[in-house]
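Here the structure comes first, spelled out in structure tokens, and everything after it is commentary.
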Amino acid sequence: MTTPAHYQQKGQIALITLDSPPVNGLGHPLRQAIKAGLETALANPDVKAIVIASAGKLFCGGADIAEFASGGFDREPRLPQLLVDIENASKPVVAAINGMALGGGFELALACDYRIALPQAKCGLPEVNIGILPGAGGTQRLPRLIGAEMALQMGTSGAPVATGKLLQAGAIDRIFEGEPADFVAAAIAYAEELLAQGAPCKTCADLSVENPGAEFFAEFRQSIARKTRGFFAPERNIQCIEAACELPLAEGLAKEAELFQQCAASPQARAQQHIFFAERAATKIPGVDPKTPLRPIAKVGVIGAGTMGGGIAMNFANAGIPVTLLEVKPEALERGLGVIRNNYEISAKKGRLSEAQVEERMGLIQGSLDYADLAQVDVVIEAVFENMDIKKQVFAQLDKTCKPGAILATNTSTLDVDEIAAATSRPQDVIGLHFFSPANVMRLLEIVRGAKTADDVLMTTIKMAQTIRKMPVVAGVCWGFIGNRGLEPYGREAARLVMEGASPEQIDKVLYHWGLAMGLPSMIDLAGIDVGYLTRQGNREALYGRDDAYAAVCDALYEAGHYGQKTGKGFYIYEGRNKQSNPEVIKIAEALAAKHGIARRQISDQEILERCLYPLINEGAQILDEGIAYRASDIDVIYCNGYGFPVYRGGPMQYADEIGLDTVVEALKKYQSELGDYGQTWFQVSPLLQRLASEGKTFKQFDRQ
Ligand code: NAI
């Protein structure tokens, strides 16, 4: 049996080597092994100092998150006590940080007396990203070593910091500049050196933190308020660091433990950990071998240099991959390349890119008006107008032009990928790659697997997405795939609620307070009322065929030429950055309500929330039942990464699990009966949702089946 840590004696130094692949997660077995190593070293009079090192690429990735759910986290030795034991050990302990030291891994290093590190290693406290805080002394020991301000930054951002910077700040004692292969020997030599100098054992209990004062903390809270809006854990991180400034170590640790428990037991921690695991699960495709040999992607083609094509091209240039950007007309190409350059120049002005990098990236994007330039590309992504006939023509042309084995992808946001594939003689090479706007910024990439898409095409695009730093999620073919199909009922309700008596402001306020980046009326104005209108035309039968008042307010705005932000008028009136109510919307809503026989009324915030979110959850269940999504958690990854859903809710399906599927079903049924024909048409409960709710189950349980 392999042991998670090895114990060796090197002269007067005991070497404890963490060896628990893949990341030296501090689960129960590794904690036990560290404790045993520590006790052996302390009991042996020949051992004078201890080095803790890693056999892997990382020093230590921190707590084993799966243990939070299994209860393993609480098994003795618990990490906080183990680290107190290390800190109080009677012999000096040196941490040898060869790679990432994250969360509990960094806390382990902080509890040691001395820290030596490789310059390429980084340390961080990413707990805040999964809804908790460092619960093994990190919030108390780190500020004692580097001061409150930097500890606040690290604790609330979760971002890792290079060891060189931590050396300057005081959390690292020495950087080893030699060969990484010699690092453990160097750490042992460092321990010998410390012994020769008679260096003492150290404890953070002897250190205090200079209290920067209440005003400083208030300003810090203000500075992160926008980014952390609605999140529970960042504020608790701050409170821990305030405690570190005010209390002795032991009391600070007790406070940290209390606040850790508050975070760990919160729905937000469950939601954020759900998304953490969901993102990792999303790239595993049932029935497809993860070792499927991939096609090489060295050259890329993009067709259409509009809003999406330009952003898509930038993703590849940013990753150092050359792109040929094809347009029909020279003016369109010139305009598209100009927008790309402008985007890069803005980044340069903000100091995110150097001028040389701007030129390097522009140099990787080659404009073209000739399909022959796409003959040798490995993948081509079409981003022309959302029109089936045009897309089919483009794909027929690609079929004639591209080399055998080239992946032919479409960025369509709603259309039938199988129909597009049928325009070629090689449907196995065709796939949907649905980027989100702005494509160079948004992390989500919805990959649409056609009926005939080859497994290696699918797996290659997943890998490619990761190369360009996107979060891939795979969907099947249907109108709108996962993301836009689910969005449709959610947008439908917003428009309908305006007709029934809610104001756009009220709807926005409710959804924003729930945690969305913006409410629906604002989002529709931003995305373009025209875009929504044109998209609905591609699905007329399913929408207007069932409801002649479908999206009536949006359509009326469209017909009046109000497309949202781009025309200065939509659900709101825009002047520069200012946004004001648009009184016309209420007039339109009143007229339409009268026309369709709808009695306008006061609508409660609760009704707005339920009517926007529950139909999305219901559609999600239907998407799942039809096999369009492999897992409920994939749906959550899509909404959190592509539609501004707050990670702390974990996405619509996790939210439904949290409030109970029976609650959702009950409310849907209530609206079904209260809203007359409209309710009968749109509030039918999905059979899967109904079944799970009756069985008292969750979507998570469904995913695990
Ligand atoms: P756009 O109108 O900004 O750009 C389309 C570009 O394609 C134009 O520059 C046009 O000159 C060019 N074009 C048209 N026909 C062409 C052809 N046959 N050959 C070469 N170039 C051609 O449109 P946008 O917004 O970039 O949308 C493109 C595609 O991306 C659509 O399928 C759309 O549904 C999809 N999409 C759009 C999103 C958005 O938020 N705008 C989000 C996700 C997907």
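Normalised by the residues of the chain, what does the relative contact order come to in percent, with Cα pairs under 8 Å and at least six apart? Numbers along the way, then the final one.
Working: 1302 pairs, mean separation 61.8, N = 705.
Worked out over the chain, it gives 9 percent.
For region 140-297, go through all pairs of different Cα atoms, get the mean of 1/r, take its inverse, and jot down that Kirkwood value in Å. The partial results should precede the final answer.
Details: mean 1/r = 0.0518 Å⁻¹.
For region 140-297, the Kirkwood estimate is 19.3 Å.
Taking the dipole about the Cα centre of region 163-229, with the C-beta of Lys and Arg at +1 and of Asp and Glu at -1, give me whichever of 224, 163, 201 is farthest to the positive side.
Most positive-ward Cα: 224.
Check each of the GluC sites (Glu not before Pro) in region 181-280 and keep only those in coil by DSSP with at most 12 other C-beta atoms within 10 angstrom; list them in order. Each step should come with its number before you reach the end.
Numbers: sites: 192, 193, 210, 215, 219, 235, 242, 246, 251, 256, 258, 279; in loops: 210.
Of the GluC sites (Glu not before Pro), the ones in loops of region 181-280 whose Cβ has at most 12 other Cβ atoms within 10 Å are 210.
Sorted from largest down, what three extents in whole angstroms do the Cα atoms of region 1-153 have along their principal axes?
Computed over region 1-153, the largest-to-smallest principal extents equal 43, 35, 28 Å.
If one computes the Cα centroid of region 432-461 and of region 515-576, what distance in Å separates the two points?
That distance is 26 Å.
May I ask you to give the solvent-accessible area per residue for region 483-701, in square angstrom, as obtained with a 1.4 angstrom probe?
On the way: 8660 Å² over 219 residues.
For region 483-701, the per-residue accessible area is 40 Å².
For region 486-607, what are the per-bin percents of Cα-Cα distances with bins 10 Å wide, up to the bin holding the maximum?
The percentages, shortest bin first, are 14, 48, 34, 4.
Counting only heavy atoms of the protein chains, get the accessible area per residue of region 399-441 (1.4 Å probe) and round it to a whole Å² value. Show your work: numbers first, answer last.
Details: 1410 Å² over 43 residues.
Using a 1.4 Å probe on heavy atoms only, each residue of region 399-441 averages 33 Å².
For the cross-link pairs 165/284; 391/566; 122/463; 35/463; 595/670, which exceed 30 Å when the distance is taken from alpha carbon to alpha carbon?
On the way: 165/284 37 Å; 391/566 25 Å; 122/463 25 Å; 35/463 40 Å; 595/670 25 Å.
Over 30 Å Cα-Cα: 165/284; 35/463.
Over what distance in Å are the Cα centres of region 255-281 and region 304-360 separated?
That distance is 39 Å.
State the percentage of accessible surface on region 52-195 attributable to carbon and sulfur atoms; use a 1.4 Å probe and exclude ligands, DNA and RNA. Write down the numbers at each step before the final one.
On the way: 2470 of 4740 Å².
It is 52 percent, rounded to a whole number.
To the nearest 500 deg cm²/dmol, what mean residue ellipticity at 222 nm is calculated for the chain from DSSP H runs of n ≥ 4 alone, each contributing -39,500 (n - 2.57), summed and divided by the residues? If you can, show how the numbers build up before the last one.
Numbers: 32 runs with 356 residues, N = 705.
Here the helix-only value at 222 nm equals -15500 deg cm²/dmol.
Using only the C-alpha atoms of region 483-701, find the volume of their convex hull and express it per residue in Å³.
Values: hull volume 25.2 nm³, N = 219.
Enclosed volume per residue, from the Cα hull, is 115 Å³.
Exactly which trypsin sites (Lys or Arg not before Pro) in region 513-572 are in a DSSP loop and have at most 13 other Cβ atoms within 10 Å?
Numbers: sites: 536, 540, 546, 566, 569; in loops: 546.
Passing both the DSSP loop test and the Cβ count: 546.
Taking the alpha-carbon distance from residue 587 and a cut-off under 17 Å, which aspartates and glutamates remain once sequence neighbours fewer than 8 residues away in the same chain are dropped?
500, 505, 555, 559
What does the accessible area per residue of region 5-265 come to in Å², with a 1.4 Å probe and no ligands, DNA or RNA counted?
On the way: 10720 Å² over 261 residues.
Result: 41 Å² of accessible area for each residue.
With viscosity set to 1.002 mPa s and temperature to 20 °C, compute the Stokes-Einstein D of region 300-475, Rh being the Kirkwood radius across alpha carbon pairs; µm²/s, no decimals.
Numbers: Rh = 16.0 Å.
The Stokes-Einstein estimate is 134 µm²/s.
Between residue 43 and residue 216, what is the label-to-label distance in nm when each label sits 7 Å out along the Cα-to-Cβ direction?
That separation, rounded to one decimal, is 4.5 nm.
What distance in nm separates the two pseudo spin-label positions at residue 159 and residue 348, each 7 Å out from Cα along the beta-carbon direction?
2.3
Could you tell me how far the Cα centroid of region 68-143 sits from the Cα centroid of region 622-677, in Å?
Measuring centre to centre over Cα atoms gives 37 Å.
Percent of accessible area on region 384-453 owned by carbon and sulfur, 1.4 Å probe? Walk me through the numbers on the way to the answer.
On the way: 1410 of 2690 Å².
Exposed carbon and sulfur together represent 52 percent of the surface.
As an exercise, find the ratio Rg/Rh for region 282-380 from alpha-carbon atoms, using the Kirkwood inverse-distance average for Rh. Display every interim value, and only then the final one.
Working: Rg = 15.5 Å, Rh = 14.6 Å.
A ratio of 1.06.
Expressed in whole Å with the largest first, what are the equivalent ellipsoid semi-axes of region 5-265 derived from the C-alpha gyration tensor as the square root of 5 times each eigenvalue?
Details: eigenvalues 170, 76, 58 Å².
Here the semi-axes work out to 29, 19, 17 Å.
Ranked highest first by the average count of other Cβ atoms within 10 Å around their residues, in what order do 610-619, 266-275 fall?
Details: 610-619: 24.8, 266-275: 22.2.
Answer by packing, highest mean first, reads 610-619, 266-275.
Could you give the size of the charge dipole of the chain about its Cα centre, using +1 on the Cβ of each K and R and -1 on the Cβ of each D and E, expressed in debye and rounded to the nearest 20?
Numbers: 69 positive and 83 negative charges, 101 e Å.
The calculation lands at about 480 debye.
Count charges around residue 99 for me, please; just the other residues with Cβ under 14 Å from its Cβ, Lys/Arg as +1, Asp/Glu as -1.
Net charge in that neighbourhood comes out at +2.
Roughly how many percent of the accessible protein surface of region 483-701 is carbon and sulfur, given a 1.4 Å probe and a whole-percent answer? Don't skip to the end; give the middle numbers.
On the way: 4230 of 8660 Å².
Within region 483-701, the accessible surface is 49 percent carbon and sulfur.
Please report, in debye to the nearest 20, how large the charge dipole of region 483-701 is about its Cα centre when each Lys and Arg carries +1 at its beta carbon and each Asp and Glu carries -1 there. It would help to have the intermediate numbers written out before the result.
On the way: 23 positive and 30 negative charges, 50 e Å.
With Lys and Arg at +1 and Asp and Glu at -1, about 240 debye.
Pick out, in residue order, every one of the trypsin sites (Lys or Arg not before Pro) in region 339-373 that is DSSP loop and has at most 11 other C-beta atoms within 10 Å; say none if there are none. All intermediate terms of the calculation are to be shown ahead of the outcome.
Numbers: sites: 341, 349, 350, 352, 361; in loops: 350, 352.
Counting only loop positions with at most 11 other Cβ atoms within 10 Å, the trypsin sites (Lys or Arg not before Pro) in region 339-373 are 350, 352.
What is the dipole size for region 578-677, taken about its Cα centre, with +1 at each Lys and Arg Cβ and -1 at each Asp and Glu Cβ, in debye to the nearest 20? Display every interim value, and only then the final one.
Details: 10 positive and 16 negative charges, 106 e Å.
The dipole of region 578-677 has a size of about 500 debye.
How big is region 1-54 by Rg and Dmax over its Cα atoms, in Å?
Using the Cα atoms of region 1-54, the pair Rg, Dmax is 11.0, 34 Å.
For region 363-417, take N as its residue count and report Rg(C-alpha) divided by 2.2 N^0.38 Å.
Normalised Rg, Cα atoms only: 1.14.
Stretch residue 334-residue 590 to full length: gain in nm at 0.36 nm per residue minus the Cα-Cα span? Could the numbers behind the result be given before it?
On the way: separation 256, 0.36 × 256 = 92.16 nm, distance 4.53 nm.
Extra length available between residue 334 and residue 590 comes to 87.6 nm.
Can you list residues from other chains, or at least 5 along the same chain, whose modelled amide H is less than 5 Å from the amide H of residue 471?
444, 445
Can you tell me which lysines have their Cα less than 23 Å from the Cα of residue 227? Leave out same-chain residues fewer than eight positions away.
Straight-line reach from residue 227, under 23 Å: 349, 350, 470, 509, 579.
Provide 649, 443, 485, 31 ordered by accessible surface of protein heavy atoms (probe 1.4 Å), highest first. Numbers along the way, then the final one.
Numbers: 649 70, 443 100, 485 30, 31 5 Å².
Largest accessible area first, the residues go 443, 649, 485, 31.
Inverting the mean 1/r over all pairs of different Cα atoms, compute the Kirkwood radius of the chain and quote it in Å.
Details: mean 1/r = 0.0356 Å⁻¹.
After inverting the pairwise mean of 1/r, the radius is 28.1 Å.
The values are calculated or read from the model by the stated rules, or taken from the named source; none is laboratory data. For clarity, every value in this text was computed on a predicted model and none was experimentally measured. For neighbour counting, all protein chains shown are included, and Cβ atoms are generated from backbone atoms with ideal geometry for every residue, glycine included. Accessible surface areas use protein heavy atoms only, side chains included; no ligands, DNA or RNA. Shrake-Rupley method; radii C 1.70, N 1.55, O 1.52, S 1.80 Å.
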